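Data block below; observations after.
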Amino acid sequence: MNAVEAARADPGPSSSPDGSRRTVLVVDDEEEIRESLSEILTGARHRVVTARSGREALQRMAERNYDVILTDIRMPDLDGRALYREIEQRWPALASRVVFITGDTLASTLREFVAESGRRVIEKPFLPGEIRRIVAELALDGGVAPPD
């Protein structure tokens, strides 16, 4: 079962634990992953915006606020690590709302980076319930600073 089929098979709860909708930015160069995450999160009544690259994500972040950012680590152009560093500089309060997604075994330098950042990592293939739970937990942690 691929990630899209898994999302359809497990629609999960109809809203987040506190009953509110969150706005989530999904950043991944793989269309199937973006679609799967979007389906999982919209099924939980979140608003989802997608980006195909780190650069596109930065453009979207300059236009609006996001409660949670799910980003692939390995992408062409601007990867998840570089995107995270940009978020730390431009919107420091939002850095704690970043979750990394990876389908690869992390190389030692990436493992060190993830450990240093303290951010969560979701491994592909992911479970829909895991995605919903992590987004709900991060979204309940407090407010998000607006872009400058």
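General remarks:
- T50 being within 11 Å of the chain's Cα centre (by Cα) and either among the β-branched types (V, I, T) or surrounded by fewer than 22 Cβ atoms within 10 Å (Cβ to Cβ) (or both): yes
- Residue ID - farthest from the chain's Cα centre (by Cα), chosen from residues in region 114-136 that are among the aliphatic types (A, V, I, L, M) and open to solvent by 40 Å² or more (accessible area, probe 1.4 Å): A115
Quick grid of which residues meet (1) at pLDDT 95 or above; (2) over 15 Å from V27 (Cβ atoms); (3) part of a helix (DSSP H, G or I):
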position	(1), (2), (3)
L41	yes, no, yes
V49	yes, no, no
R60	yes, no, yes
L70	yes, no, no
R74	no, no, no
L78	no, no, no
L94	no, no, yes
E137	no, yes, yes
D141	no, yes, no
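- The lone criterion from (1) surrounded by fewer than 23 Cβ atoms within 10 Å (Cβ to Cβ); (2) modelled with pLDDT of 95 or more; (3) of a type in the set (D, E, K, R); (4) within 21 Å of S117 (Cα to Cα) left unmet by D28 is number (1).
The values are calculated or read from the model by the stated rules, or taken from the named source; none is laboratory data. Computed from a predicted structure; not experimentally measured. Positions of Cβ are generated from backbone atoms using ideal geometry, with glycine treated the same way; all protein chains shown enter the neighbour counts. Only protein heavy atoms, including side chains, enter the accessible area calculation; ligands, DNA and RNA are left aside. Shrake-Rupley method; radii C 1.70, N 1.55, O 1.52, S 1.80 Å.
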